[in-house]
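Report on the structure given below.
The values are calculated or read from the model by the stated rules, or taken from the named source; none is laboratory data. Please read these numbers as outputs of a predicted model, since none were measured by experiment. Protein only, heavy atoms only, side chains kept; ligands, DNA and RNA dropped before computing areas. Shrake-Rupley method; radii C 1.70, N 1.55, O 1.52, S 1.80 Å.
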Amino acid sequence: MTDDIDQDAHWDAAFAKTLLGKTLLMNLTFLDDDGEISERQQFFGVVIDATEDEGIVLDLLGEHDGDTYTLPPQTSAIQAAEPGVTSLGGDKPDFVANWIIHGLPDVPEAANDDD
């Protein structure tokens with residue numbers, strides 16, 4: 001039962017629906033086993049799907065144009081972008097999410113991969 005309560009605190013289905021078609025700036029900070037920053041990544045894209053089962057899927061823009069990236073189903077990490085916030089490419093997002101990840105970085109997958 002605790003897992004359901006924890007998940008409910010992180011997933012808002014109504015908010016997830018409002019994300020569809022909106023732009024999201026993702027800031028990822030990766031920490032090594034000692035808690036030191038090993039890498040930082042930034043992605044910018046349009047939310048093309050947002051479900052509790054599959055997560056939040058971005059169609060990436062900019063450097064990773066044409067790739068997709070799937071975020072965990074946690075709308076609680078997403079906030080409206082403050083005025084003046086831009087991506088590294090200068091794009092103005094509708095929403096921003098900052099994540100700190102303990103472990104190795106993941107890379108976006110090509111949208112047309114058959115793997």
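Look at where the Cα atoms of region 34-60 and of region 77-92 average out, and the two centres are 14 Å apart. Here the Karplus relation 6.51 cos²θ - 1.76 cosθ + 1.60, evaluated at θ = phi - 60°, turns the backbone of region 87-94 into coupling constants of 7, 4, x, x, 6, 9, x, 7 Hz, with x for every Gly and Pro.
Ordered from highest to lowest accessible area with the whole protein assembly present and a 1.4 Å probe, Leu31, Leu60 read as Leu31, Leu60.
In the assembled protein chains, Asp94 presents an accessible area of approximately 70 Å² (probe radius 1.4 Å).
For region 1-104, rounded, prolate or oblate, judged on the Cα gyration tensor with a ≥ b ≥ c (square roots of eigenvalues), a/c < 1.5 rounded, else prolate if a/b > b/c? The shape class here is oblate.
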